[in-house]
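Colleague: I am attaching a structure below and will ask some questions about it afterwards.
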Amino acid sequence: MQDVWTADSVTEVTYGPADDEYSIWFLDEKNGANGPVMMKNMGSGRYLSIQNLADAQVESQDEPELTVEARSEVYDTWGSIKWKIEQRDQDEVNIRSGWTGHYLYATLNEQGKPVFKVSRAEGAADRAESIFIAEPAQIAEKPLPDGPVRIKSVTNHSYLYENSSGVVLYGDLAADNGYSHWVIEQSADGRQRVQNRATGHYLTLNEDYPFVESKELSSGDSASSSWAVNRVAGGDQVLIRSQYGDYDDEFIHVQNNTGYAERGLYPDSWGSVQWELESAPPQFNTPNMDEERNLSTATPVQNDTNVVRIAPQGAGGKVLAEQSGTIKLVSGDDASAVSKWILQDFNGRHLIKNTTTGHYLALDSSKKPIVSTSMKPLGSQWILEDRLGYRTLSNAVDAGGLLQYSMAGVIYGAGGSSESSLWSFTPVASDVVYAAADAFKTDKVIRFAVHAQEAGEYTGEIRYKNNSGSEQQASLTVNGLGEGAVLLQRSGGLSTAEVKLNLRAGMNTVSLSGVSGNISALQIDSLMVKHSVNKAYRGATVPYVNYEAEDAKTNGVLIGPSRKYRSIASEASGARQFS
């Protein structure tokens with residue numbers, strides 16, 4: 001009985017003259033002695049299987065026509081790969097499925113090729129073709145290489161290497177590239193460490209991320225760099241399994257085709273966790289491993305939905321403003337200052353732009369708050385964080401500092417009281433336009449989602465075109481309550497109709513529907529709500545302020561920030577919490 005050499009993951013098991021390692025089967029006793037075994041071919045690494053019977057749903061037949069297969073990727077829990085070796089007289093045995101009870105037997109297919117099938121018909125075990133002789137094979141386990149090796153994936157034939165950032169990737173590098181050469185060292189505790197030949201760094205598991213790093217060996221706890229590098233049962237390939245704490249059942253793998261080596265929990269029978277060790281050339285090179293970077297990475301600038309006034313906490317009505325080309329705190333009614341700003345998203349940070357002058361809030365080279373005519377310098381880019389109903393502003397050139405106010409004016413730096421660095425962003429009421437393209441629309445109704453800063457009556461304006469040939473009436477409702485009819489005159493171009501809207505604080509629905517049941521003859525362009533505040537730029541618009549525990553005064557212990565999967569802090573808002 002033998003498998004064949006091929007890159008396919010599933011093959012048809014055959015028989016013939018002994019073919020070295022492809023005629024040798026290793027019995028993998030995962031369930032202990034005398035239990036069902038997995039039969040693994042030494043040459044191919046594939047397992048004897050009748051999973052195809054399950055896929056075709058013919059496993060209940062006594063003598064199915066499908067042939068027995070060998071599979072490279074299997075699960076230990078599959079019954080289709082479990083077999084019982086039953087002793088007969090002397091060296092003779094039967095091979096019976098531990099799942100269905102079928103007996104393995106040799107036969108020929110329609111083309112005359114030697115194949116195997118299974119049967120549980122009466123007398124199946126006593127057929128001559130169902131009786132096998134088990135001959136022991138003496139195989140000396142190969143020791144791990146002493147010298148530098150290249151570590152090649154069994155499935156994609158790529159080699160592990162260290163990049164310039166210390167991340168372990170896999171790819172097709174030149175054989176003499178030292179960053180793809182590794183030395184497997186024996187440590188004092190019997191475990192192995194895997195050292196990069198070019199850098200001297202060690203293969204290391206990072207608890208916070210699935211990818212594998214290559215870094216200097218820690219002088220304290222080096223357990224995260226400890227591995228068990230062992231040959232797979234009955235084969236030349238190796239498994240690289242972590243020996244670090246709770247991760248001691250995880251293998252280095254390429255299962256997800258991410259381009260970088262990962263650690264994870266997968267069956268050791270899968271090719272994605274198996275590696276081949278190739279001797280590295282005696283001489284090696286260390287080429288430049290820096291990858292070409294795209295420096296044109298600016299994202300489009302996106303405006304917030306509202307213009308705002310920015311005021312420090314407890315500053316007695318003063319607001320942040322541009323006055324005579326400088327940044328100052330002024331009274332809100334100071335006509336000589338321009339104090340309306342709009343936030344803009346840019347490259348994961350924020351720009352703060354004065355809507356009157358077009359200038360940006362920025363820091364100069366001495367970290368003094370100034371106005372800038374350009375958004376490009378890092379000093380014009382800000383990081384905003386919510387704190388107790390206010391916001392803090394740190395700058396991209398010095399993320400450790402905060403924008404603050406004092407008796408001397410607006411300053412930037414570390415320290416200061418917590419109150420001096422808290423700023424309110426109050427939306428300025430304006431005429432807000434809601435486009436019909438963003439509304440819910442059918443032939444019978446168009447429905448806008450409208451926001452109001454407080455409950456009350458607002459003036460609205462419907463912009464439309466009516467080229468139906470006659471005036472049309474539409475029924476107006478707000479939050480399901482009737483607001484009367486709206487008369488829409490004939491028009492060749494865009495016209496407007498004024499309406500009154502009784503809105504509640506927060507989100508509202510404003511709907512227009514045809515009095516006769518149809519408004520398809522009308523072309524609604526937009527709804528404008530005058531002197532109102534738009535909905536939130538991102539996330540839900542809610543009628544409350546959220547206070548994070550980590551921003552309050554406490555005698556607790558701050559946990560995080562952390563992005564580690566399943567850690568407490570990673571599940572908390574802002575990835576931080578108190579305990």
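The values are calculated or read from the model by the stated rules, or taken from the named source; none is laboratory data. Please read these numbers as outputs of a predicted model, since none were measured by experiment. Cβ coordinates were reconstructed from backbone atoms using ideal geometry, including for glycine residues, and neighbour counts include every protein chain displayed. With ligands, DNA and RNA removed, areas are computed over all heavy atoms of the protein, side chains included. Shrake-Rupley method; radii C 1.70, N 1.55, O 1.52, S 1.80 Å.
Colleague: Which count do you get for residues in region 458-482 that are within 48 Å of the chain's Cα centre (by Cα), open to solvent by less than 60 Å² (accessible area, probe 1.4 Å) and farther than 15 Å from residue 527 by Cα?
Modeller: Selection size over region 458-482: 1.
Colleague: What tally of residues in region 176-189 results from selecting those that are outside any strand (DSSP E or B) and open to solvent by 50 Å² or more (accessible area, probe 1.4 Å)?
Modeller: Residues flagged as outside any strand (DSSP E or B) and open to solvent by 50 Å² or more (accessible area, probe 1.4 Å) within region 176-189 amount to 3.
Colleague: Under the condition of being farther than 25 Å from residue 122 by Cβ and in contact (Cβ under 8 Å) with a residue 60 or more places away in the chain, which residue from region 44-71 is most open to solvent (accessible area, probe 1.4 Å)?
Modeller: Of everything passing the filter in region 44-71, 71 is most open to solvent (accessible area, probe 1.4 Å).
Colleague: Continuing with this model, one more query. In region 485-494, which residues are touching a strand residue (DSSP E or B) at 6+ places or on another chain (Cβ under 6 Å) and open to solvent by less than 40 Å² (accessible area, probe 1.4 Å)?
Modeller: Scanning region 485-494 gives 486, 488, 491.
Colleague: Moving on to the next point. Return the residues of region 194-234 that are over 18 Å from residue 146 (Cα atoms), under 30 Å from the mean Cα position of the chain (by Cα) and of a type in the set (A, V, I, L, M); say none if nothing qualifies.
Modeller: Within region 194-234, 205, 212, 217, 223 qualify.
Colleague: A further question follows. Among 371, 319, 397, which is the only one that is more than 39 Å from the chain's Cα centre (by Cα) and at pLDDT 90 or above?
Modeller: Among 371, 319, 397, only 319 is more than 39 Å from the chain's Cα centre (by Cα) and at pLDDT 90 or above.
Colleague: Give the residues of region 272-304 that are open to solvent by 80 Å² or more (accessible area, probe 1.4 Å), among the polar types (S, T, N, Q) and either touching a His at 6+ places or on another chain (Cβ under 9 Å) or farther than 27 Å from residue 182 by Cβ (or both), sorted by residue number.
Modeller: Hits for region 272-304 are 294, 296, 297, 302, 303.
Colleague: Before we move on, is residue 313 of a type outside the set (A, V, I, L, M), open to solvent by 60 Å² or more (accessible area, probe 1.4 Å) and in contact (Cβ under 8 Å) with a residue 40 or more places away in the chain?
Modeller: Criteria not met by residue 313.
Colleague: Something else about it: Give me a count of the residues in region 550-568 that are touching a strand residue (DSSP E or B) at 6+ places or on another chain (Cβ under 8 Å), modelled with pLDDT of 75 or more and not β-branched (Val, Ile, Thr).
Modeller: Total meeting the criteria: 2.
Colleague: Just wondering, is there one or more residues in region 502-513 that are open to solvent by less than 70 Å² (accessible area, probe 1.4 Å), within 30 Å of residue 341 (Cβ to Cβ), in contact with a helix residue (DSSP H, G or I) (Cβ under 8 Å, 6 or more places away or on another chain) and part of a strand (DSSP E or B)?
Modeller: No, that holds for no residue.
Colleague: Next up: Consider residue 256 against the criteria (1) open to solvent by 50 Å² or more (accessible area, probe 1.4 Å); (2) assigned to a loop (DSSP other than H, G, I, E, B); (3) closer than 27 Å to residue 281 by Cα: it satisfies all of them except one. Which criterion is unmet?
Modeller: Residue 256 satisfies all of (1) open to solvent by 50 Å² or more (accessible area, probe 1.4 Å); (2) assigned to a loop (DSSP other than H, G, I, E, B); (3) closer than 27 Å to residue 281 by Cα except (3).
Colleague: Test residue 368 against the criterion of being touching a residue at least 24 places away in the same chain (Cβ under 8 Å), open to solvent by 70 Å² or more (accessible area, probe 1.4 Å) and either over 26 Å from residue 418 (Cβ atoms) or of a type in the set (A, V, I, L, M) (or both), and give yes or no.
Modeller: Spelling it out, it is not the case that residue 368 is touching a residue at least 24 places away in the same chain (Cβ under 8 Å), open to solvent by 70 Å² or more (accessible area, probe 1.4 Å) and either over 26 Å from residue 418 (Cβ atoms) or of a type in the set (A, V, I, L, M) (or both).
Colleague: Does residue 411 satisfy being in contact with a Gly (Cβ under 9 Å, 6 or more places away or on another chain) and assigned to a strand (DSSP E or B)?
Modeller: The answer is no for residue 411.
Colleague: So is residue 238 under 21 Å from residue 141 (Cα atoms) and of a type in the set (Val, Ile, Thr) or not?
Modeller: It is true that residue 238 is under 21 Å from residue 141 (Cα atoms) and of a type in the set (Val, Ile, Thr).
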